[in-house]
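The values are calculated or read from the model by the stated rules, or taken from the named source; none is laboratory data. The model shown is predicted, which means the values in this text are computed figures rather than measured ones. Positions of Cβ are backbone-derived with ideal geometry, glycine not excepted, and every protein chain shown enters the neighbour counts. When the accessible area is computed, the model is the full protein with side chains, heavy atoms only, and any ligands, DNA or RNA have been set aside. Shrake-Rupley method; radii C 1.70, N 1.55, O 1.52, S 1.80 Å.
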Amino acid sequence: MVFKRFQEDIAAFMARDPAARSAVEIVLCYPGFHAILFHRLTHALWRRDWHLLGRFISHVGKMLTSIEIHPNARIGRRFVIDHGSGVVIGETSEIGDDVTIYHSVTLGGIAPSVDSKSQADRKRHPTVRDGAIIGSGAQVLGPVVVGKGARIGANAVVTKDIPPGVTAVGIPAHVVMPRDREQAAEFVAYGTPRDGCPDPVEQTIENLRSQVGMLIDKVEDLEATLRRQNPADAENDDKDGSITDIASGRRR
Ligand SMILES: CC(C)(COP(=O)(O)OP(=O)(O)OC[C@H]1O[C@@H](n2cnc3c(N)ncnc32)[C@H](O)[C@@H]1OP(=O)(O)O)[C@@H](O)C(=O)NCCC(=O)NCCS
């Protein structure tokens, strides 16, 4: 059972990080993976009321990975924390299956009342449903729900519920586009759909084409200006097919 979960986690990292090359690389080099292993241990200790030991081991995990996950946070299967540094997951957070988060994400609490003790037994942190993707630097604050398959943009600040399957960006986060059900069910690296990630060669050719188009427009404008200034030259150009040098105004 433990071994199966272990394999499942590795497979999830392999599937969701385009940079991952092998299972060994994930085991050795992925702080997000290490943090999840620490959490499994600390959560088990917490549930057996070994709170201080759980907190202490969680603290050691934080020192090694720069990822802080409270031992009481509930985390589903195939959870991926990519890159990892600066991630904070608060005590009453709940995370479903197949969730992906990037570095510097906070699942945090907001504005505790004057008496912070009265907050202790309350749900203060977010619930993130299955398949959601939370971009780097996003802050999800309070007992809000990020719906199934939703995508939260990098650096967004979420303080209200986000419906399932939508994309939300900005501060405060607002929905920019709904996703169709099929898309919402499938993982896309960095939350960016494939059709939003053109082939780099294609993109370079497209950029060059648009630059050439702009240059042609400029040349035509300059030719028109020259024709207006020297109608006689323009007439000769038309006759002998020669070109007026745009920069110097001389013929070549
Ligand atoms: C939010 C996100 C998932 C949307 O990706 P997408 O579906 O390809 O959407 P688009 O890029 O077409 O953006 C849609 C609109 O939202 C805006 N937008 C996208 N991401 C944004 C962000 N993080 N903050 C603010 N606005 C954002 C775009 O400018 C665009 O606005 P427009 O329609 O006015 O032009 C993606 O931009 C994102 O932030 N992914 C997280 C990436 C990440 O964390 N990477 C770290 C990996 S190391």
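Table: residues versus (1) crowded, with 18+ Cβ neighbours inside 10 Å; (2) at positive phi; (3) acidic (Asp, Glu).
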residue	(1), (2), (3)
Phe3	no, no, no
Ala12	yes, no, no
His39	yes, no, no
Asp49	no, yes, yes
Lys62	no, no, no
Arg74	no, no, no
Arg77	no, no, no
Asp98	yes, yes, yes
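For Ala20, state whether it is free of Cβ contacts under 8 Å to residues at least 12 places away in the same chain and buried (at least 16 other Cβ atoms within 10 Å of the Cβ).
yes
Quick check: anything in region 133-144 away from the ligand (no atom under 16 Å from the Cβ), in contact (Cβ under 8 Å) with a residue 24 or more places away in the chain and in contact with a strand residue (DSSP E or B) (Cβ under 7 Å, 6 or more places away or on another chain)?
The answer is yes, given that some residue of region 133-144 is away from the ligand (no atom under 16 Å from the Cβ), in contact (Cβ under 8 Å) with a residue 24 or more places away in the chain and in contact with a strand residue (DSSP E or B) (Cβ under 7 Å, 6 or more places away or on another chain).
Within region 130-162, take every residue that is of a type in the set (A, V, I, L, M, F, W, C) and assigned to a loop (DSSP other than H, G, I, E, B) and give me the one that is farthest from Gly32 (Cα to Cα).
Among residues in region 130-162 that are of a type in the set (A, V, I, L, M, F, W, C) and assigned to a loop (DSSP other than H, G, I, E, B), the one farthest from Gly32 (Cα to Cα) is Val144.
Restricting to region 120-129, and then to whatever is in contact with a Pro (Cβ under 9 Å, 6 or more places away or on another chain) and in a loop (DSSP other than H, G, I, E, B), can you tell me which residue is nearest to Phe79 (Cα to Cα)?
Here is the first cut: in region 120-129, the ones in contact with a Pro (Cβ under 9 Å, 6 or more places away or on another chain) are 122-127, 129.
Among the residues that remain, those that are also in a loop (DSSP other than H, G, I, E, B) are: 122-126, 129.
Working: Arg122: 24, Lys123: 21, Arg124: 21, His125: 17, Pro126: 15, Arg129: 11 Å.
Selected residue: Arg129.
Considering (1) away from the ligand (no atom under 16 Å from the Cβ); (2) buried (at least 17 other Cβ atoms within 10 Å of the Cβ), say which one Ser104 fails and leave the rest.
Checking Ser104 against (1) away from the ligand (no atom under 16 Å from the Cβ); (2) buried (at least 17 other Cβ atoms within 10 Å of the Cβ), the one that fails is (1).
Are there any pairs with C-beta distances below 6 angstrom linking a residue in region 49-75 that is modelled with pLDDT of 95 or more to a residue that is acidic (Asp, Glu) and open to solvent by less than 50 Å² (accessible area, probe 1.4 Å), with the two at least 6 apart or on different chains, and if so which?
His70/Glu91; Asn72/Glu91
Return only the number of the condition from (1) at pLDDT below 95; (2) among the charged types (D, E, K, R); (3) more than 12 Å from the ligand (Cβ to nearest atom) that Asp130 does not satisfy.
Every condition holds for Asp130 apart from (1).
Of a type in the set (Lys, Arg) and crowded, with 19+ Cβ neighbours inside 10 Å: is that true of Arg55 in this structure?
Here the answer is no, as Arg55 does not meet what is asked.
Which condition breaks for Ser85 when tested against (1) assigned to a helix (DSSP H, G or I); (2) of a type in the set (Gly, Ala, Ser); (3) in contact with a His (Cβ under 9 Å, 6 or more places away or on another chain)?
So the condition that Ser85 fails would be (1).
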